[in-house]
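What follows is a set of notes on a single structure, which appears directly below.
The values are calculated or read from the model by the stated rules, or taken from the named source; none is laboratory data. Not measured: the values here are computed from a predicted model. Counting neighbours? That spans all protein chains shown, and the Cβs are built from the backbone with ideal geometry, glycine included. All accessible areas refer to the heavy atoms of the entire protein, side chains included, with ligands and DNA or RNA removed. Shrake-Rupley method; radii C 1.70, N 1.55, O 1.52, S 1.80 Å.
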Amino acid sequence: MSASQSNRNPALPLAVALRYDADASGAPEVVAKGQGLVAEAIVARAKEAGVYVHESPQLVQLLMAVDLDTQIPPALYTAVAELLAWLWRLEAGAESQVPPPLHLP
């Protein structure tokens, strides 16, 4: 656990941004993360860019432990893959607006 996590105020919002390139090999990477005003800025920038913002406090907690510019750990592959697959189907117009339940470790 990093010092920033042990000093985290549980009342502040958290946010993590992932990047995934389906054409490149490798897992999704954590490209931004933060709490409080930083978290709010991450969410605002995503929404301004038209990026879907998924709210899963459990997944965010797990992703906060991943270093920036680092691929997600194998333990999170299934949960993130389920979310990405749902997003691709949603963008294609073939899926409901309700996200699937995620299988978290």
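Of all the listed residues (P57, P105, P99), the sole one being in contact with a helix residue (DSSP H, G or I) (Cβ under 9 Å, 6 or more places away or on another chain) and closer than 20 Å to P13 by Cβ is P99. Of the residues making up segment 27-48, those that are open to solvent by 40 Å² or more (accessible area, probe 1.4 Å) and either touching a Phe, Trp or Tyr at 6+ places or on another chain (Cβ under 9 Å) or closer than 20 Å to N9 by Cβ (or both) are E29, K33, Q35, L37, V38, E40, A41, V43, A44. Would you confirm, using the coordinates I've provided, whether L62 is open to solvent by 60 Å² or more (accessible area, probe 1.4 Å) and either more than 23 Å from P13 (Cβ to Cβ) or part of a helix (DSSP H, G or I) (or both)? Judged against the criteria, L62 is a match. Here segment 66-105 is the region considered, the condition is being in a helix (DSSP H, G or I) and touching a His at 6+ places or on another chain (Cβ under 7 Å), and the residue that is surrounded by the most Cβ atoms within 10 Å (Cβ to Cβ) is A79.
May I ask you to verify whether A22 is open to solvent by less than 70 Å² (accessible area, probe 1.4 Å), under 24 Å from V98 (Cβ atoms) and assigned to a helix (DSSP H, G or I)? Criteria not met by A22.
The combined condition, being in a helix (DSSP H, G or I), within 12 Å of the chain's Cα centre (by Cα) and in contact (Cβ under 8 Å) with a residue 40 or more places away in the chain, is not fulfilled by V30. Restricting to segment 37-77, name every residue that is touching a residue at least 40 places away in the same chain (Cβ under 8 Å) and hydroxyl-bearing (S, T, Y). Listed by number, the residues that qualify are S56, T70, Y77.
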